[in-house]
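The values are calculated or read from the model by the stated rules, or taken from the named source; none is laboratory data. These numbers come from a predicted model, not from an experiment. Every residue, glycine among them, receives a Cβ derived from its backbone with ideal geometry; neighbour counts consider all protein chains shown.
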Amino acid sequence: MNDVSFSECKITSDMVPYIYGEMSGRERSAFESHLVACTLCTDEFASISNARYEVYDWKKLEFDPLQTPRFVVPSEKSVESSGFGWIEKLRAVFATGWLVPGAALATLAIISVFATVLISSRDNRQDIAEKSDKPKTSAVDSSLVKAETGRTETATTSENRINNDITNDRRERELKPLRIAAPAQSRERNPVRNSKLTRPQPIEAKQTIARNLEKSVPRLNEFADDEDTSLRLAELFENIEARK
Amino acid sequence: MLNDLTDERLVELAVSRNSDAFGEIVKRWERKIFALCFGMLGREDDARDAAQETFIAAYRNIANFRGEAKVSSWLHRIAVNQCLTTKRRARTRSEEFLDDESGEGDRVFVAPEHRSPANTTEATERLTIVRQAVSSLPVDLRQVIVMKEFEEMTFQEISDTLELPLSTVKSRLYTALRQLRMKLEQVSLEIS
């Protein structure tokens, strides 16, 4: 068979659509009429059709009986990911919308705030408990205040301790009359106190002194302005006096 | 519903990691992609692996799908590349799976009832020859004939998928059938 013949016939473009039945009625009739008249095209058509049906049989016998496999969608399957797989997952979480991750972040923030508040309140309570058991600590702090060194206490914790002690003392005074500590007890409780402390003075004078000291001490905590330290000083002096 | 949406719209949804949308794409194209891979490779297990890899690759690169081409074109391109990769890998391993007579057990062959055992053997041999002949065609010709026979696409659909003029598709198919015919005649002569 000669390719030149077929190009002369110019029916090659029609042969394939005819074989596969993709021709209009009029075009099919015209092609069939040509086939009747042209033996070359008829032979060519026969051999091409034969090749086509070989492939058709192959598909029908081997492929058609096969079930379509279940292809796993990658999001369901653990696809081997590169080292950046966690980025893709994070992107997937945020790609679905901001509502869910936003809500999660908000929840986390609220929980962390609560936790912080709880921890700080627990610390305060611990400090208060420590102060009530160990007044020596407050004595050391008060000696720092009295010294007028101008040293700023490093942390507001000292100020807070003073404030808490004063608050506790005031509360105690409200509940029961001012008591003078027994010499033995005070000695046990306050072993640190020594002769470095000055001579005791009358209560009014002590209050004045306390107030003056309060004014001269640099304020680290603005909330300490209202606190009255004189009572604690008074107790301190009383303890010393009792010991003597 | 998802099944009312176009392929392109499903891809848009899939880009935003909507797994249901991508699942719908898989459902629509799984048979055709599997058919294409089977026609290109000739073996069920290789076709299954290539088709699975096609969908995985499509999912991974879905963000890169620009929408300039059709989804069918995009999937076919990925599938053909996967088939070529599979074939290259097999060649590297020195596997000749397409003309491997011992691999007959892997293939599903349902003989028509009217055929005798002798005819069945002859038919099996013929199928092997056809498979080998198709596999030996150039990729562009093989793809057209596989898309026409195995995927049962129209010329227009093939033209849209491959982004080729309609006349080019018909011409390629004609050339593919002619070359196939020559190979089959050559093998028949060798056997006889």
Worksheet, complete the sentence: Taking the stretch B:133-169 and keeping only residues that are farther than 19 Å from A:Pro17 by Cβ and of a type in the set (Ser, Thr, Tyr), one is left with B:Ser135, B:Ser136
Worksheet item: Which one of these is part of a helix (DSSP H, G or I), buried (at least 19 other Cβ atoms within 10 Å of the Cβ), aliphatic (A, V, I, L, M) and without any contact (Cβ under 8 Å) to a residue 60 or more places away in the chain: B:Ala63, B:Ala50, B:Ala35?
Response: B:Ala50
Item to complete: Among what's in the stretch B:144-187 and is among the hydroxyl-bearing types (Ser, Thr, Tyr) and without any contact (Cβ under 8 Å) to a residue 12 or more places away in the chain, pick the residue that is nearest to the other protein chains (Cβ to nearest Cβ).
Response: B:Tyr174
Discussion item. Looking at A:Ile128, A:Ile110 in this structure, which one is more than 30 Å from B:Leu13 (Cβ to Cβ), at pLDDT 80 or above and of a type in the set (A, V, I, L, M)?
Written reply: A:Ile110
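Residue-wise test of (1) among the aromatic types (Phe, Trp, Tyr); (2) surrounded by 13 or more Cβ atoms within 10 Å (Cβ to Cβ); (3) within 27 Å of B:Arg126 (Cβ to Cβ).
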{"residue": "B:Glu157", "(1), (2), (3)": "no, yes, no"}
{"residue": "B:Ser167", "(1), (2), (3)": "no, no, no"}
{"residue": "B:Arg172", "(1), (2), (3)": "no, yes, yes"}
{"residue": "B:Glu185", "(1), (2), (3)": "no, yes, yes"}
Discussion item. Just the residues that are of a type outside the set (S, T, N, Q) and more than 17 Å from the chain's Cα centre (by Cα), please, taken from the stretch B:57-73.
Written reply: B:Tyr59, B:Arg60, B:Ile62, B:Ala63, B:Phe65, B:Arg66, B:Gly67, B:Glu68, B:Ala69, B:Lys70
Discussion item. Where the second residue is part of a loop (DSSP other than H, G, I, E, B) and at pLDDT 95 or above and the first is farther than 15 Å from B:Trp29 by Cβ and within 7 Å of another protein chain (Cβ to nearest Cβ) and lies in the stretch A:59-80, which pairs have Cβ atoms under 8 Å and are six or more apart or on separate chains?
Written reply: A:Lys59/B:Phe150; A:Phe63/B:Phe150
Practice prompt. Please work out which one of (1) closer than 30 Å to B:Glu122 by Cβ; (2) crowded, with 16+ Cβ neighbours inside 10 Å; (3) modelled with pLDDT under 90 is the condition A:Phe6 fails and give its number.
Written response: (1)
Worksheet, complete the sentence: Scanning the stretch B:36-47 residue by residue, those aliphatic (A, V, I, L, M) and either more than 10 Å from chain A (Cβ to nearest Cβ) or within 26 Å of B:Leu2 (Cα to Cα) (or both) turn out to be B:Leu36, B:Met40, B:Leu41
Discussion item. So in the stretch B:12-35, with the set limited to residues that are farther than 18 Å from B:Glu68 by Cα and of a type in the set (Val, Ile, Thr), which one is nearest to the other protein chains (Cβ to nearest Cβ)?
Written reply: B:Val26
Practice prompt. Specify the residue that is farthest from B:Glu8 (Cα to Cα); the eligible residues are those in the stretch B:66-93 that are of a type in the set (Gly, Ala, Ser) and in contact (Cβ under 8 Å) with a residue 60 or more places away in the chain.
Written response: B:Ser73
